[in-house]
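Everything on this sheet refers to the single structure shown next.
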Amino acid sequence: MEEIIYACKEHVEMALDDIVNDEEKAPVITKIQQEKKCGYCNEPAEYEVKA
Ligand SMILES: [Zn+2]
């Protein structure tokens with residue numbers, strides 16, 4: 001199953017760790033323009049981290 005986590009720049013490393021732990025493969029980080037919220041705080045997300 002594909003997993004996507006949105007993260008601000010403060011939490012992007014946490015998102016990477018979570019993806020690696022859950023999926024056991026290298027995540028893909030994409031800088032996003034859409035209005036998304038970070039999955040760890042309420043700041044606007046800057047990155048999409050995808051397994
Ligand atoms: Zn955050």
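The values are calculated or read from the model by the stated rules, or taken from the named source; none is laboratory data. In this text, all values refer to a predicted model and were calculated from it rather than measured experimentally. Virtual Cβ from ideal backbone geometry, glycine too; neighbours counted across all protein chains shown.
Checking LYS50, LYS25 one by one, the residue that is surrounded by fewer than 19 Cβ atoms within 10 Å (Cβ to Cβ) and more than 11 Å from the chain's Cα centre (by Cα) is LYS25 and no other. The number of residues in segment 22-41 that are at pLDDT below 95 and under 14 Å from HIS11 (Cα atoms) comes to 0. Selection of strands (runs of 3 or more DSSP E) fully inside the chain by the criterion of at least 3 residues being touching a helix residue (DSSP H, G or I) at 6+ places or on another chain (Cβ under 9 Å) returns 4-7, 47-50. The set of residues in segment 20-41 that are away from the ligand (no atom under 15 Å from the Cβ), in contact (Cβ under 8 Å) with a residue 24 or more places away in the chain and of a type outside the set (Lys, Arg) comprises ASP22, GLU23, PRO27.
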